[in-house]
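The values are calculated or read from the model by the stated rules, or taken from the named source; none is laboratory data. Only a predicted model underlies this, so the values are computations on that prediction, with no experimental measurement involved. All Cβ positions, even for glycine, are placed from backbone atoms using ideal geometry, and neighbour counts span all protein chains on display.
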């Protein structure tokens, strides 16, 4: 007997490199498309998206750019039995969807997600999304939902669950950052992109500026971040850091892979000290998922594969490019999911 899609989902593991074999079980998937018209790639309009959707009248489509609107759209999808959600928006839109699905638990079976490259940076779709333009990706996703062929595959991936203090609601995503990462995001959104560049050029320019500030020990641009961390119930560690990042993505922008932990754990955790030694000798290895002999704790570089971490830091943190105030009390970041992404 050919397994149903639901049985395939229930049998998946949490390995980030596994692929789910979804054999055709006799029915087309119910699809809902969520479009954020204010995402970087959609600001010129959704004409191309509507042209494709006109050929698929059975597909549900909702536009939303506020959290309230997205929540209403996702509730509508759940009420109408949607099995595949196509996210036509940026990283922040994907983060909002992941958070809502984790919090609300209103889908009988967790929906499959297809991420289109419709944001300013689109870091998540470049790792767990459909390649190519948003219109090409939408067309691929809709054909796959009908035929369930081998043109695309499903990848299970754990996600991050971030719990702040004072009973604030959890947030979910795939990339957490603190320290210089937040300073870079603020610079990125401060009007320094007059050309409206999308993709990787502007994050690259911002990264270069941050590196120059580190080289010049410009603590006004990249202030040190006092970090108290307790990883997997181990003793607390205290350091002054340049950045702290936690991710379930295999690649960040420019294909960066700043992880070299060897433990068995679903979350990748990396710290770089405020004044690291041999930084420019270590940088090339950050693109290769390979430990550099200079990337040691003694030189200010720490990387582990973990299950959970409790962090005490001040200021802001970012989750998939969105900035949040830390508030009072420690942050607890743990693994959730896995979520199935159509790639």
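Things worth noting here:
- Check on residue 50, in contact (Cβ under 8 Å) with a residue 12 or more places away in the chain and surrounded by fewer than 16 Cβ atoms within 10 Å (Cβ to Cβ): no
Per-residue answers, yes or no, for (1) modelled with pLDDT under 95; (2) part of a strand (DSSP E or B):
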site: 291; (1), (2): yes, no
site: 295; (1), (2): yes, no
site: 310; (1), (2): no, yes
site: 314; (1), (2): yes, no
site: 323; (1), (2): yes, yes
site: 333; (1), (2): no, yes
site: 337; (1), (2): yes, yes
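- Filtered residues of the stretch 73-95 (kept if part of a helix (DSSP H, G or I), touching a strand residue (DSSP E or B) at 6+ places or on another chain (Cβ under 8 Å) and surrounded by fewer than 19 Cβ atoms within 10 Å (Cβ to Cβ)): 76
- Residues being in contact with a strand residue (DSSP E or B) (Cβ under 8 Å, 6 or more places away or on another chain) and under 20 Å from residue 60 (Cα atoms) - total across the stretch 130-152: 8
- Count of residues meeting criterion [buried (at least 22 other Cβ atoms within 10 Å of the Cβ) and more than 17 Å from the chain's Cα centre (by Cα)] in the stretch 96-110: 0
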